[in-house]
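K.L.:
First, the structure itself, so that you have it in front of you.
The values are calculated or read from the model by the stated rules, or taken from the named source; none is laboratory data. Not measured: the values here are computed from a predicted model. Positions of Cβ are generated from backbone atoms using ideal geometry, with glycine treated the same way; all protein chains shown enter the neighbour counts. Ligands, DNA and RNA are stripped out before the accessible areas are found, and what is left, the full protein with its side chains, is counted by its heavy atoms. Shrake-Rupley method; radii C 1.70, N 1.55, O 1.52, S 1.80 Å.
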Amino acid sequence: MPKLTKQEYLIKAAKLYGLSEVEIEGLENHLNGTMPNDYIMRRCDSLVRLYKIYDSKKYNEHIDPDEDGIINLNDYAFEISRRRLADSKIGKFWILSSNLDSYLATVPANMSTQIKSEYLNISEKNNFLIPQLAKQIGIDATIYYKGEYTNEHGTFENLHLTKNFLQGKEKLIRGKAFCKGNPNRLLLDFEKILETTDKYIKKHYKKYKLPNEDLEKARIEIREGLIKQTLFNKIVFNENESNEKWGLIQGEDNRLRLAPLFSYDFCANVQTIGKTQHRVVQGNKEYIEDFTLQYSKEPWFKSWIDNAVVSLDLGKAIEDMERKTGVTLTDNEKEYYNFAIMEKMHSKVVNVSDLNYDKELVVQEKKKNLTIKDRFDMARKIVHDRKSDISYFVKNIKKDRDER
């Protein structure tokens with residue numbers, strides 16, 4: 001991509017930085033010489049500084065973590081944005097980099113996020129590992145990095161940093177905006193979510209008088225994406241599947257597309273303090289085998305499962321995470337993730353595929369497995385009663401963290 005001129009750069013930077021429309025107009029008038037404005041240029045000192053970095057020989061278009069995977073947010077190549085945080089519950093501020101990418105600095109998992117103390121380490125690591133698993137099976141997911149920031153008062157903070165997935169004037173429309181329902185109802189009917197989303201898409205495209213072929217394309221792609229995201233959430237043992245954790249993106253041309261995955265705090269069976277999470281169900285059941293069987297009727301589904309999901313590789317995801325973010329896992333954490341995701345959930349999808357999506361064979365296999373568990377006094381109510389096995393790994397992880 002050709003480099004921006006100084007005028008192009010500063011105008012784009014001003015919009016990302018959060019200047020008002022009046023200020024941006026004043027900046028444009030100053031830069032094109034129609035109305036000099038020293039005040040607006042003083043307001044843009046920090047943006048001019050970023051431009052000098054962008055235009056220099058030392059310019060690096062990628063963010064660069066140190067050897068410990070940490071990004072110094074006080075680095076000269078970053079500027080704290082004036083942009084508002086909208087409805088983000090965990091966001092601290094927006095960061096603007098010299099390459100004009102925006103990053104949201106967020107608070108890592110802590111007790112105030114209602115996560116049990118023994119799961120805090122896993123919840124934090126989820127932000128770095130889970131998106132690597134998603135990308136293996138063709139699901140778009142936001143990647144997080146570790147950041148450190150010291151404010152003007154000398155207060156030091158550990159933060160997580162993720163690149164903004166919205167471009168220009170695009171808008172995120174969370175599922176809860178159009179999938180209305182009783183907030184106290186914990187089981188969310190996935191068929192109803194698909195149906196409600198489809199109606200919303202039709203209404204939206206009619207409102208903006210968009211071509212019918214674009215409408216049909218959006219309906220197909222968003223339905224497929226929602227099914228993939230939901231199955232993935234079950235594979236990675238996401239304990240909170242509420243309708244505020246996914247959404248649609250309204251582009252500048254008003255067309256809709258599915259937003260990438262962006263919420264991982266409660267994956268890998270992370271438990272909460274006094275808070276019951278929302279779960280997506282199919283036919284009042286949330287067994288992953290039933291979900292896999294139900295949507296195996298979709299024309300693309302079996303091919304996706306057999307060619308991508310079955311070969312999901314936790315080891316590769318860990319290697320990719322370490323290479324891209326610098327974050328590492330302890331042996332106990334690796335064992336925990338292998339148990340909670342690969343053994344408990346992913347293996348069940350693989351089993352359905354191995355049985356050629358034959359419902360009778362799948363039911364028989366489930367009964368057989370339950371019989372074995374009974375014999376060894378390891379019976380569990382699938383999905384709901386998993387705490388005793390997982391707590392073994394969590395205790396070891398907590399012990400490792402305390403020792404460090």
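K.L.:
Mind checking whether some residue in region 175-189 is open to solvent by 50 Å² or more (accessible area, probe 1.4 Å), part of a helix (DSSP H, G or I) and either among the aromatic types (F, W, Y) or closer than 22 Å to W304 by Cβ (or both)? Please lay out each step first, then the result.
P.N.:
First, pick out the residues of region 175-189 that are open to solvent by 50 Å² or more (accessible area, probe 1.4 Å): 176-177, 180-187, 189.
Okay, now just the ones that are also part of a helix (DSSP H, G or I), so 176-177.
Among the residues that remain, those that are also either among the aromatic types (F, W, Y) or closer than 22 Å to W304 by Cβ (or both) are: none.
For region 175-189, residues open to solvent by 50 Å² or more (accessible area, probe 1.4 Å), part of a helix (DSSP H, G or I) and either among the aromatic types (F, W, Y) or closer than 22 Å to W304 by Cβ (or both): absent.
K.L.:
Hey, can you tell me all the residues within region 154-165 that are open to solvent by 30 Å² or more (accessible area, probe 1.4 Å) and part of a loop (DSSP other than H, G, I, E, B)?
P.N.:
Here is the first cut: in region 154-165, the ones open to solvent by 30 Å² or more (accessible area, probe 1.4 Å) are 154-158, 163, 165.
G154, T155, F165 - these are the residues of region 154-165 that are open to solvent by 30 Å² or more (accessible area, probe 1.4 Å) and part of a loop (DSSP other than H, G, I, E, B).
K.L.:
Quick check on region 40-75: of everything there that is more than 30 Å from F128 (Cα to Cα) and surrounded by fewer than 11 Cβ atoms within 10 Å (Cβ to Cβ), which residue is modelled with the lowest pLDDT?
P.N.:
Here the residue is K57.
K.L.:
Is there a residue being in contact (Cβ under 8 Å) with a residue 12 or more places away in the chain and over 22 Å from the mean Cα position of the chain (by Cα) anywhere in region 118-141?
P.N.:
Yes, region 118-141 contains at least one residue that is in contact (Cβ under 8 Å) with a residue 12 or more places away in the chain and over 22 Å from the mean Cα position of the chain (by Cα).
K.L.:
Looking only at region 137-153, which residues are open to solvent by less than 50 Å² (accessible area, probe 1.4 Å) and either within 16 Å of H346 (Cβ to Cβ) or not in a strand (DSSP E or B) (or both)? Even if it seems obvious, please write down each step before you answer.
P.N.:
Filtering region 137-153 down to residues open to solvent by less than 50 Å² (accessible area, probe 1.4 Å) leaves 137, 139, 141-145, 147, 149, 151.
Passing the criteria: I137, I139, T142, I143, N151.
K.L.:
Can you name the residue in region 86-106 that is over 13 Å from T162 (Cβ atoms) and open to solvent by 50 Å² or more (accessible area, probe 1.4 Å) and is also modelled with the lowest pLDDT among such residues?
P.N.:
D87
K.L.:
Name the single residue that is farthest from N127 (Cα to Cα) among those in region 346-371 being in contact (Cβ under 8 Å) with a residue 24 or more places away in the chain and surrounded by fewer than 20 Cβ atoms within 10 Å (Cβ to Cβ).
P.N.:
The initial filter retains those residues of region 346-371 that are in contact (Cβ under 8 Å) with a residue 24 or more places away in the chain, namely 346, 348-353, 357, 359, 362, 366.
Narrowing further to those that are surrounded by fewer than 20 Cβ atoms within 10 Å (Cβ to Cβ): 350-351, 353, 357, 359, 366.
Working: V350: 25, N351: 28, S353: 29, Y357: 32, K359: 35, K366: 32 Å.
Among those that are in contact (Cβ under 8 Å) with a residue 24 or more places away in the chain and surrounded by fewer than 20 Cβ atoms within 10 Å (Cβ to Cβ), it is K359.
K.L.:
Looking at (1) of a type outside the set (G, A, S); (2) part of a loop (DSSP other than H, G, I, E, B); (3) surrounded by 19 or more Cβ atoms within 10 Å (Cβ to Cβ), which is the one condition that is false for K297?
P.N.:
The one condition K297 does not meet is (3).
K.L.:
Take the residues in region 197-236 that are in contact (Cβ under 8 Å) with a residue 24 or more places away in the chain and over 23 Å from the mean Cα position of the chain (by Cα); name whichever of them is surrounded by the fewest Cβ atoms within 10 Å (Cβ to Cβ).
P.N.:
Y208
K.L.:
Are there helices (runs of 4 or more DSSP H) fully within region 312-404 with at least 2 residues that are modelled with pLDDT of 60 or more and under 26 Å from E67 (Cα atoms)? List them. First the steps, then the outcome.
P.N.:
Details: elements: 314-325, 331-337, 347-354, 359-375, 387-403.
Filter on region 312-404 gives 314-325, 331-337, 387-403.
K.L.:
Residues that are farther than 19 Å from G181 by Cα: list the strands (runs of 3 or more DSSP E) wholly contained in region 194-289 that include at least 3 such residues. Working first, answer last.
P.N.:
Numbers: elements: 247-250, 256-258, 279-281.
Because the criterion is at least 3 residues that are farther than 19 Å from G181 by Cα, the strands (runs of 3 or more DSSP E) in region 194-289 that meet it are 256-258.
K.L.:
T292: β-branched (V, I, T), buried (at least 18 other Cβ atoms within 10 Å of the Cβ) and in contact with a Lys or Arg (Cβ under 9 Å, 6 or more places away or on another chain), yes or no? Quick ask: steps written out before the conclusion?
P.N.:
On the way: β-branched (V, I, T): yes; buried (at least 18 other Cβ atoms within 10 Å of the Cβ): yes; in contact with a Lys or Arg (Cβ under 9 Å, 6 or more places away or on another chain): yes.
Yes.
K.L.:
Here is a follow-up. Of all the residues that make up region 301-326, how many are open to solvent by less than 10 Å² (accessible area, probe 1.4 Å) and of a type in the set (F, W, Y)?
P.N.:
The initial filter retains those residues of region 301-326 that are open to solvent by less than 10 Å² (accessible area, probe 1.4 Å), namely 301, 305, 309, 317, 321, 325.
Then keep just the ones that are of a type in the set (F, W, Y); that gives 301.
Qualifying residue count, region 301-326: 1.
K.L.:
Name every residue in region 17-34 that is open to solvent by 40 Å² or more (accessible area, probe 1.4 Å) and under 23 Å from E170 (Cβ atoms), in order of residue number.
P.N.:
Within region 17-34, S20, E21, V22, E25, E28 qualify.
K.L.:
Kindly provide the set of residues from region 2-14 that are touching a helix residue (DSSP H, G or I) at 6+ places or on another chain (Cβ under 9 Å) and either part of a loop (DSSP other than H, G, I, E, B) or surrounded by 16 or more Cβ atoms within 10 Å (Cβ to Cβ) (or both), ordered by number. Full working, then the answer.
P.N.:
Just the residues of region 2-14 that are touching a helix residue (DSSP H, G or I) at 6+ places or on another chain (Cβ under 9 Å), to begin with: 3-4, 6-7, 9-11, 13-14.
If the condition is that a residue be touching a helix residue (DSSP H, G or I) at 6+ places or on another chain (Cβ under 9 Å) and either part of a loop (DSSP other than H, G, I, E, B) or surrounded by 16 or more Cβ atoms within 10 Å (Cβ to Cβ) (or both), then K3, L4, Y9, L10, I11, A13, A14 are the ones that fit.
K.L.:
May I ask you to verify whether V309 is farther than 15 Å from I139 by Cα and either among the hydrophobic types (A, V, I, L, M, F, W, C) or without any contact (Cβ under 8 Å) to a residue 40 or more places away in the chain (or both)?
P.N.:
Details: farther than 15 Å from I139 by Cα: no; either among the hydrophobic types (A, V, I, L, M, F, W, C) or without any contact (Cβ under 8 Å) to a residue 40 or more places away in the chain (or both): yes.
Considered against the rule, which asks whether it is farther than 15 Å from I139 by Cα and either among the hydrophobic types (A, V, I, L, M, F, W, C) or without any contact (Cβ under 8 Å) to a residue 40 or more places away in the chain (or both), V309 comes out as no.
K.L.:
Among the numbered conditions (1) part of a helix (DSSP H, G or I); (2) surrounded by 21 or more Cβ atoms within 10 Å (Cβ to Cβ); (3) of a type outside the set (S, T, N, Q), tell me where A109 comes up short.
P.N.:
If we test A109 against (1) part of a helix (DSSP H, G or I); (2) surrounded by 21 or more Cβ atoms within 10 Å (Cβ to Cβ); (3) of a type outside the set (S, T, N, Q), just (1) comes out false.
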